[in-house]
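Worksheet: the structure to be examined is printed underneath.
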Amino acid sequence: MSSHRPVATIRTQVSLPLRLPDGFSTPSRVVTFDGLVDGREHLAIGLGRWSGEGPVEDAPVPLVRPHSECLTGDVFGSQRCDCGPQLREAVERIAGVGGWLLYLRQEGRGIGLYRKLDAYALQDAGLDTYEANLALGRGADERNYLVAAQMLHALGLSRVELLSNNPDKARQLRRYGVTVTAQVPTGVHRSPANAGYLAAKAGTGGHTLDVPPEG
């Protein structure tokens, strides 16, 4: 039995042709919502046949990635995390098979941009990404995917293939009434600056990452 899921509704839909910094381009459809429980401005981005460019009748189960906003990685290309490369990978993979990118406004695993940067300072002093959040008096991971479930149901989707290495996303979506038919891993996007971050996600966060050894 799923937990209580307040109903959200579609507010606006607009066509948004995408062109990423490396030249990859694809049509997309951006959807906004009313009634999301946290009141934040989360976006659903339809790609492939869900962009409005093709029929969706009898479409296969859509590939969906709930992607948490990361200003430093998504916009500025920070090497301290793998968020930017995961976002880039997700857009192309979803566009290829059809599905949705849910862009969720929950920076720093839910603690916000300034506190995330505070956590970086603590990481520079030797804590890992989860320990740093806890040292700030916050949860190791405060993200709640109820809004993602609300968005999917508003889009008429109750079954998804989940593009994620994070088993908590699958657990939470199932709790809120979304059937996850498969969990599809992303690539491992390692840089010299994020090896410890990836190791913490795999070891502490339980992410299904095969992190290669350094060297």
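Rule-based calculations on the coordinates, nothing more; no lab input. Treat the numbers as computed from the prediction; the structure is a model and nothing was measured. All Cβ positions, glycine included, derive from the backbone under ideal geometry; neighbour counts span all protein chains shown.
The simple spin-label model puts a point 7 Å past each Cα toward its Cβ; for Thr32 and Ser15 those points are separated by 2.0 nm. Residues whose amide H comes within less than 5 Å of that of Ser28, counting only those at least five positions distant or on another chain, are Leu16, Leu18 (H built at 1.01 Å from N in the peptide plane).
Can you figure out the FRET efficiency of Val75 with Arg175, using R₀ = 30 Å and their beta-carbon distance, to the nearest 0.05?
Working: r = 31 Å, r/R0 = 1.04.
Computed FRET efficiency for Val75 and Arg175: 0.45.
Amide H contacts under 5 Å for Leu163: Val64, Arg65, Val184, restricted to partners 5 or more places along the chain or on a different chain, H placed in the peptide plane at 1.01 Å from N.
Farthest towards the positive end of the charge dipole of the stretch 1-148, among the residues Ser25, Leu71, Gln13, is the Cα of Gln13, using unit charges on the Cβ of Lys, Arg, Asp and Glu.
FRET efficiency for the Arg105 to Arg159 pair, using the beta carbon distance and R₀ = 30 Å, is estimated at 0.75. Here the calculated FRET efficiency for Glu41 and Leu134, from their Cβ-Cβ distance with R0 = 25 Å, stands at 0.35, rounded to the nearest 0.05. Post the alpha-carbon centroid distance, the stretch 12-67 to the stretch 105-174, in whole angstrom. Value for the Cα centre distance between the two parts: 20 Å. Of all the options Ala148, Ala44, Ala135, the one that moves most in a Gaussian network model of the chain with Cα springs shorter than 10 angstrom is Ala135. Using a 10 angstrom cutoff on alpha carbons, build the Gaussian network for the chain and name the most mobile of Arg190, Arg80, Arg19. Of the options given, Arg19 has the highest mean-square fluctuation. Projecting label points 7 angstrom from Cα along Cα→Cβ for Val56 and Glu89 puts them 2.6 nm apart. Using Cβ point charges alone (K and R +1, D and E -1), the dipole size of the stretch 1-133 about the Cα centre works out to roughly 240 debye. For the stretch 123-139, no residue has its backbone nitrogen under 12 Å from a point 7 Å from the Cα of Leu113, taken along Cα to Cβ.
Counting DSSP beta bridges with both partners in the chain, what percentage is antiparallel, nearest 5?
Values: 17 of 30 bridges.
Roughly 55 percent of the beta bridges in the chain run antiparallel, per DSSP.
Shape class for the stretch 1-115: oblate, because the ratio a/c of the largest to smallest gyration tensor axis (alpha-carbon atoms, square roots of eigenvalues) is 1.5 or more and b/c is at least a/b.
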